[in-house]
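Structure first, commentary second.
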Amino acid sequence: MLSLITAGESHGPELVAVLSGLPSGLRLSREAIDRELARRQHGFGRGGRQKIEKDRVEVRAGLRNGITLGSPLVLAIRNRDFENWAKVMDPWETDPAQAARRQLTAPRPGHADLAGAWKFNHREDLRNVLERASARETAARVAAGAVCKQFLANFGVEVRSGVLALGEKVLHPGPPSFELLAQVDDHSPLRTPFPEKEAELVAYVEAVKHQGDTLGGIVGVVARGVPPGLGSYTQWDERLDGQLAQAVMAVQAVKAVVIGAGWEVALGPGSQAHDPIVPGTRGLRRSSNHAGGLEGGVTNGEDIVLRAAMKPISTLREPLPSVDLTTLEAKPAAYERSDVTAVPALGVILENVVAFVLARAFLAKFGGDHMDDVRASLEAYRKRLAGWGPEAFLTPNC
């Protein structure tokens, strides 16, 4: 089974991602991975850290001549800011005076600071919590997801994203279509499919920044070309919608996720909630996609559609009340350099998180030791469904 673990601290030497279970014979592009990392760093409202870091992937193991070997693929991303933190974050010996200046003892509401301190007994310095809990970790997940995107592209699967709401500014209230998100320009400051709204949104972010506040929002993600039959209804933990929801919710600051038209159909009758099955020219198709491409935890050949809600960033220039854990006296929460909003970046992160989950499900069904084995298994499945499978799957674009 495809698996992923990450390691590294926000201001440590580097971040690491280990992908195990990839087949051999997968040709990878370093430029494509670096492009995803650059997309993650883009977006209006980001903090000063993005001016320091220029993320580039380095491969430590599992690749030769640009082709996977079948052994674990180890990816690393250097933290350039480590140069400024070396005496505080050195793995072996820190400078006591500098470490004391960077010490944090007043937990920030909304962060992992206090719960993490309780769990791992980091009362004396919350930096031991926040360095790992930081969203900087998502750079490693994006690098791994970029590999999974390249794997999926071999089979015609594509994942898109875009900002649907920023704070109180709702741009698109319902589930997005692939065509809508395909209009997103990665060079735009806020990655929305509505360029005519961007000047207003930029001004909105600036106003919130001047108030010392932060913004959350909603992003949409759509995957097209996903074969039917990924996931399973036979066990609760094999349901793919559950796996997608878990992976998306595991991204820092995400507080809600919905598949398809889940929020909307919950308020209406069943006759308007489900997707009629109709005959097509080469197979079967749906006249709508309220289910978001998943029924019973199994892909049905339609686009996978999900939305995620991101809370406003918890680090505030005007800190909320807190308590100093060393004295137990009231004290404003600590302030660390942070973004005003990271909603545009969230879409990119979720594209890659979703790509990992889909690649894992894809290999669970069609997996083999080499890419040729995967292709052969997929083609055999396509032949088995000829005439009665999803029309889009029976007319592949790969």
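The values are calculated or read from the model by the stated rules, or taken from the named source; none is laboratory data. Fair warning: this is a prediction, and the values are worked out from it, not measured in the lab. So basically every Cβ, Gly included, is an ideal-geometry build from the backbone, and we count neighbours across all protein chains shown.
General observations
- You will find that of VAL305, VAL257, VAL278, VAL222, the residue that is modelled with pLDDT of 95 or more, more than 15 Å from the chain's Cα centre (by Cα), in a strand (DSSP E or B) and of a type outside the set (Lys, Arg) is VAL278 and no other.
- Residue that is modelled with the lowest pLDDT, among those in region 71-127 that are more than 30 Å from LEU215 (Cβ to Cβ) and β-branched (Val, Ile, Thr): THR94
- Taking the conditions (1) at pLDDT below 95; (2) assigned to a helix (DSSP H, G or I) in turn, LEU378 satisfies each one other than (1).
- Flag if ILE77 is assigned to a strand (DSSP E or B) and closer than 30 Å to GLU198 by Cβ: yes
Matching residues to (1) crowded, with 17+ Cβ neighbours inside 10 Å; (2) free of Cβ contacts under 8 Å to residues at least 40 places away in the same chain; (3) in a helix (DSSP H, G or I); (4) not aromatic (Phe, Trp, Tyr):
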residue	(1), (2), (3), (4)
ALA143	yes, no, yes, yes
LYS149	yes, no, yes, yes
ALA165	yes, no, no, yes
PRO176	yes, no, no, yes
SER188	yes, yes, no, yes
GLU196	no, yes, yes, yes
TYR204	yes, yes, yes, no
VAL208	yes, no, yes, yes
GLY212	no, no, no, yes
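- Check on PHE393, part of a loop (DSSP other than H, G, I, E, B) and among the aromatic types (Phe, Trp, Tyr): yes
- Here LYS255 fulfils each of the conditions (1) farther than 21 Å from LEU215 by Cα; (2) touching a residue at least 24 places away in the same chain (Cβ under 8 Å); (3) exposed (fewer than 13 other Cβ atoms within 10 Å of the Cβ) apart from (1).
- Options GLY62, GLY48: the member that is small (Gly, Ala, Ser), more than 21 Å from the chain's Cα centre (by Cα) and at pLDDT 95 or above: GLY62
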